[in-house]
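This report concerns only the one structure given below.
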Amino acid sequence: MTTATDDNSNDLTAAEVAWNIETLLPDGASVDDLLDQAETMVDEVETFRGRVGTLDSAELAGLMTKLAEIGELMSRAGHYVMLRFSENTADPERGAAMQSMQERSTAISTRMIFVDLEFAAADDAHVAAVLDDPALTFCRHHLENLRRNRPHLLSEAEETILTEKSVTGSSAWVRLFDELTSAIEVDLPDPDSGQTETVGLEQALSMLQHPETTTRAVAAEAVTAGLAPGLRTRAYVFNTLLADKSTDDRLRNFDQWISSRNLANEASDSSVQALVDSVVGRYDIPQRWYALKARVLGVEKLHDYDRMASVADSQEELGWEHATSVVRDAYASFSPDLAAIVGRFIDEGWIDAPVRPGKRPGAFCAYATPSHHPYVLLNWTGKARDVLTLAHELGHGVHGYLAREQGIFHQSTPLTLAETASVFGETVTNNKLLEMIDDPGERFALLASTLEDSIATVFRQVAMNRFEHGCHTSRREDGELSVERFGEIWAATQTDMLGDAVEITEGYRTWWSYIPHFIGTPGYVYAYAYGQLLALSVYARYEAEGDAFVPAYIELLSAGGSRSPEELGAIVDCDLADPGFWDAGLQIVEKQLTAAEEAAEAAGRL
């Protein structure tokens, strides 16, 4: 399948695709207006102090409804400020607004800490009786999770101190990291003219998909050079947050650095370790692929900057209109209802797509709040992979949109299920494209792209989990890590995954330093592997059952986080409690590899 490109530069760069976030502020209200309303409502909440653990079901439902209304106001205000900041992290006014919002939100939240603490400490028999009332369905799972956190909660005075200090502590360091990475500039030589152009990090990284080895090597050197000026500062930020988390974990009696994340994900330490061990045990899959890719590219061995090299016969830019048409059609092939939601994102100003100076790198979907619609941020470069990123983030968007009915306590899932809809949407898009392709070379290119996405999401993310494990462990046992020590751990954990199939260059040792997940959401990355393997298993159910599967899938998305991961998985007949579940998902990835190998042979690429 040959993709026609659009000569219109605005279409190729998605220059006019900007979101409208003003609707987050109802009736012309300001951020301060919303926070003022929330503060007033907290006065009513504080009348429950000392009684939360003894409230009957009707009283507790009334209190939780009031908390939901406060959460709604704070979420609208917070998301408005955060999304504006994401548009341009270099703007001092937006940065100041972000800090002000965080300070006010923290002050409001601090006044309500007693609710969680008193309910967590309540009598077991009383809690069981009140939670049995249907009036609390809208917040039952949330309240049950509060009880699970009981062993790790501190006194109200201690919780208040930690919450208030977080504004000038961990939150401030995370914001600094975001500003530092958003400001990274790369002096990138143009492969055609030879002239040097200063571009953002995202645009420079996209050049690693270029078909020419020398262009990729030059781009990698330029990225390394661009990362160098602030490297020590970013290392200090990471060290500070590693130490901060160590202190939190000690105070809250968590045995391992990952335990707090696992608790939030409603997953046991042992089940997460089983996932990690299963993936590490199949590192032969990425190694086998990269060895094959070296043969396809006609080199003896890949370098780290060759891993994302396109195996397509040509590199074509994709315009926004064509890309969105492909994604719409892919979702429609599965469910017209889901396609209609996707269409709203595209048509109604729910996406911000262009690359701009100061814009936060990467891509994300923000659920915003249940009474509103989610938003998607992209950094569109017109590459084929951007289409899959669009399909991925719209999967998040569909998930958040359908789960709005669960309300503010249950709209979001644990991170372990957060990638289910996104990976599923990406897979639907990939497979729809495969159906349209007759040319063996193009088929191989798409199969290779599909496999590489699975490798990046499963194996690379677990390798990054191993990097995090090494960093947190070393910081606790040996003290502050040097830039060189970070590089050693990064290179070692990447080499474990890549084996002898890929050579790690010296410059690549610093590339850990722009990844935001290590900073803002420690322990997050394994959830990508969890979600990918789960989504592939869910998609396998769809392939086996066809249209009959669609209602169960929509039920899963609509349930949001109102049930445990095991209960949500059961909706689509997936047993997440079975240790062998991960092996089954890894077998699906191996089938992708086999299909790519066969396609390479058929296309005459070996």
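Tabulated data for the structure shown
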read-out: Residue in the stretch 166-173 that is over 24 Å from Glu59 (Cβ atoms), part of a helix (DSSP H, G or I), touching an Asp or Glu at 6+ places or on another chain (Cβ under 8 Å) and in contact (Cβ under 8 Å) with a residue 40 or more places away in the chain present; value: yes
read-out: Subset tally (residues that are outside any helix (DSSP H, G or I) and either surrounded by 14 or more Cβ atoms within 10 Å (Cβ to Cβ) or among the aromatic types (Phe, Trp, Tyr) (or both)) for the stretch 137-163; value: 6
read-out: Count - residues of the stretch 427-471 that are within 18 Å of the chain's Cα centre (by Cα) and modelled with pLDDT of 90 or more; value: 16
read-out: Helices (runs of 4 or more DSSP H) within the stretch 430-530 that include 3 or more residues hydrophobic (A, V, I, L, M, F, W, C); value: 440-454, 461-478, 483-498
read-out: Test set (1) within 18 Å of Tyr367 (Cα to Cα); (2) under 14 Å from the mean Cα position of the chain (by Cα); (3) among the aliphatic types (A, V, I, L, M); (4) surrounded by fewer than 24 Cβ atoms within 10 Å (Cβ to Cβ) - Leu394 fails condition number; value: (4)
read-out: Residue list for the stretch 544-580, filter: assigned to a helix (DSSP H, G or I), crowded, with 21+ Cβ neighbours inside 10 Å and of a type in the set (A, V, I, L, M, F, W, C); value: Leu556, Leu557, Leu568
read-out: For Cys139: the one exception among (1) at pLDDT below 95; (2) over 18 Å from Arg111 (Cβ atoms); value: (1)
read-out: Given (1) over 21 Å from the mean Cα position of the chain (by Cα); (2) closer than 30 Å to Glu468 by Cβ; (3) buried (at least 16 other Cβ atoms within 10 Å of the Cβ), number of the condition Val525 does not satisfy; value: (1)
read-out: Selection status of Asp337, surrounded by fewer than 16 Cβ atoms within 10 Å (Cβ to Cβ), outside any loop (DSSP other than H, G, I, E, B), of a type in the set (D, E, K, R) and more than 24 Å from the chain's Cα centre (by Cα); value: yes
read-out: Filtered residues of the stretch 461-480 (kept if of a type outside the set (Asp, Glu) and touching a residue at least 60 places away in the same chain (Cβ under 8 Å)); value: Gln461, Val462, Met464, Asn465, Arg466, His469, Cys471, His472, Thr473, Arg475, Arg476
read-out: Tally of residues being closer than 24 Å to Tyr367 by Cα and outside any helix (DSSP H, G or I) across the stretch 42-89; value: 2
read-out: Every residue from the stretch 234-259 that is modelled with pLDDT of 95 or more and more than 26 Å from Gly487 (Cα to Cα); value: Arg250, Leu251, Arg252, Asn253, Phe254
read-out: From Ala391, Ala368, residue being at positive phi, hydrophobic (A, V, I, L, M, F, W, C) and touching a Ser or Thr at 6+ places or on another chain (Cβ under 9 Å); value: Ala368
read-out: Qualifying residue in the stretch 405-413 (condition: polar (S, T, N, Q) and over 17 Å from Leu568 (Cβ atoms)); value: no
read-out: Residue check for Thr106: among the hydroxyl-bearing types (Ser, Thr, Tyr) and either closer than 16 Å to Thr369 by Cα or in a helix (DSSP H, G or I) (or both); value: yes
read-out: Single match in Leu606, Leu586 (criterion: of a type in the set (A, V, I, L, M) and in contact with a helix residue (DSSP H, G or I) (Cβ under 6 Å, 6 or more places away or on another chain)); value: Leu606
read-out: Test result for Tyr514, over 20 Å from Lys293 (Cβ atoms), within 21 Å of the chain's Cα centre (by Cα), modelled with pLDDT under 95 and aromatic (Phe, Trp, Tyr); value: no
read-out: Hits in the stretch 303-325 (condition: surrounded by 20 or more Cβ atoms within 10 Å (Cβ to Cβ) and hydrophobic (A, V, I, L, M, F, W, C)); value: Ala309, Val311, Leu318, Trp320, Ala323
read-out: Residue in the stretch 376-385 that is in a helix (DSSP H, G or I), touching a residue at least 60 places away in the same chain (Cβ under 8 Å) and surrounded by fewer than 23 Cβ atoms within 10 Å (Cβ to Cβ) present; value: yes
read-out: The stretch 242-257 residues that are without any contact (Cβ under 8 Å) to a residue 24 or more places away in the chain, paired with ones that are of a type in the set (Ser, Thr, Tyr) and in a helix (DSSP H, G or I) (beta carbon under 8 Å, 6 or more apart); value: Asp249/Ser259; Asp249/Ser260
read-out: Test: residue in the stretch 342-360 that is surrounded by 20 or more Cβ atoms within 10 Å (Cβ to Cβ), over 18 Å from Glu555 (Cβ atoms) and within 15 Å of the chain's Cα centre (by Cα); value: yes
read-out: Residue under evaluation Thr416, criteria (1) part of a helix (DSSP H, G or I); (2) out of contact with any Pro (no Cβ under 9 Å at 6 or more places or on another chain), criterion not met; value: (2)
read-out: In the stretch 482-506, the residues that are touching an Asp or Glu at 6+ places or on another chain (Cβ under 9 Å), in contact (Cβ under 8 Å) with a residue 60 or more places away in the chain and not polar (S, T, N, Q); value: Leu498, Gly499, Val502, Glu503, Ile504
read-out: Qualifying residue in the stretch 285-307 (condition: in contact with a Pro (Cβ under 8 Å, 6 or more places away or on another chain) and charged (D, E, K, R)); value: no
read-out: Index of the failed condition, Arg541 passing every other in (1) in contact (Cβ under 8 Å) with a residue 40 or more places away in the chain; (2) in contact with an Asp or Glu (Cβ under 8 Å, 6 or more places away or on another chain); (3) surrounded by fewer than 22 Cβ atoms within 10 Å (Cβ to Cβ); value: (1)
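Residue-wise test of (1) touching a Pro at 6+ places or on another chain (Cβ under 9 Å); (2) part of a helix (DSSP H, G or I); (3) aliphatic (A, V, I, L, M).
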site: Asp313; (1), (2), (3): yes, no, no
site: Leu318; (1), (2), (3): no, no, yes
site: Tyr331; (1), (2), (3): no, yes, no
site: Phe345; (1), (2), (3): yes, yes, no
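Quick grid of which residues meet (1) crowded, with 17+ Cβ neighbours inside 10 Å; (2) in a helix (DSSP H, G or I); (3) of a type in the set (Phe, Trp, Tyr):
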position	(1), (2), (3)
Ala18	no, no, no
Asp27	no, yes, no
Leu35	yes, yes, no
Thr40	no, yes, no
Ala96	no, yes, no
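The values are calculated or read from the model by the stated rules, or taken from the named source; none is laboratory data. Not measured: the values here are computed from a predicted model. All Cβ positions, glycine included, derive from the backbone under ideal geometry; neighbour counts span all protein chains shown.
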